[in-house]
Amino acid sequence: MRRIIRLAALVIAIILPAATCSDSSVAPGAGATHTLLTDDPFPYYRVGRVDLFVVSVSASIAPDTAGSANGFKTLATPNRSINVLALQNGLTDELGTADLRSGAITAVRMVIDTDRSSITLKNGAVLRSNTQPGIAWQSSAGQPVLNAINFEQMQVPDTGATVVIVVDVGQMFMPWQYLDSTSTDSGFVFLPQLRAADATRTGSISGTVRAHTSTGMSVEDASLQLYLGDPATPENTWSVLGTAKTDASGNFKFSYVTRSAVWAAMPAHARDVYIVSVDPPARSGLGRKLVPNLTVTARVETAIGTVVLP
């Protein structure tokens with residue numbers, strides 16, 4: 001039987017080892033794997049494009065992801081540049097297809113070409129590894145193998161599966177002037193971070209940001225972060241899960257939101273909750289807002305309504 005698997009792209013701030021598992025209980029076979037790319041919105045209002053040159057994507061269903069004989073299978077070889085900023089609010093780009101036998105995916109990898117990747121500012125300036133300002137790829141320069149974080153096992157059943165590789169460029173590219181997160185004057189530093197998830201076990205969070213003024217105008221280019229944590233503890237104890245940015249109508253969406261299997265197994269009273277922070281664009285005169293105590297259900301969009309910035 002043919003099985004469909006989709007993969008997309010995003011990023012988070014905590015690097016964890018990929019989950020491992022055994023596939024001895026899964027029937028053998030092979031099926032069509034569709035590989036997709038998507039992005040969480042980029043928070044820097046002066047950036048117009050972020051072009052990643054994606055060479056290939058591969059996955060392993062071996063029970064042990066350590067060592068060289070871990071059975072990685074190529075899922076797609078797009079070998080092309082993709083403007084990931086055009087892939088927001090759940091939009092995807094199909095990168096290719098491949099056959100992958102049923103089992104539990106234990107690791108996902110993506111190879112990019114940094115020499116053919118770039119960031120384009122809205123004023124037309126193109127930032128590359130050899131420009132000033134530019135992109136500091138650090139030890140990832142060249143064609144690095146980027147390992148995705150797997151919070152939980154991703155099963156590939158005969159009925160089909162959708163696996164999402166999430167590339168959140170808001171976490172992947174940090175400005176050199178880190179004290180001013182909206183500045184692009186000194187270029188960006190690359191941080192190799194990806195995560196992968198079974199799309200059928202993810203949900204989303206959406207809403208609209210408006211100003212407190214009498215007109216209640218929508219706020220464009222507000223920067224948002226999605227956290228997992230205890231609202232009663234300091235913000236620096238929360239885990240960053242993703243970033244987002246409001247569009248011209250003040251709307252935002254965190255797509256492919258997932259949680260770890262460990263979290264789901266905890267008693268309700270001991271679980272952390274999702275928290276959204278909203279920061280206004282620079283020089284807007286508006287204040288910051290936190291929206292705590294949010295929950296996410298698989299295959300459901302959680303609409304939090306209108307967030308009014310003070």
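Every number in this text was worked out from the coordinates using simple rules, so none of it is lab data. The shown structure was predicted, so the numbers you read here are calculated from the model rather than taken from an experiment. All Cβ positions, glycine included, derive from the backbone under ideal geometry; neighbour counts span all protein chains shown.
If R0 is taken as 45 Å, the Cβ-Cβ distance between residue 143 and residue 232 corresponds to a FRET efficiency of 0.50.
If R0 is taken as 45 Å, the Cβ-Cβ distance between residue 251 and residue 113 corresponds to a FRET efficiency of 0.85. Which of the lysines could be linked to residue 289 by a straight reach, that is with a Cα gap under 26 Å, when you skip same-chain ones fewer than 8 residues away? Straight-distance partners of residue 289: 245, 253. The Cα center of region 200-220 and the Cα center of region 90-113 differ in position by 31 Å.
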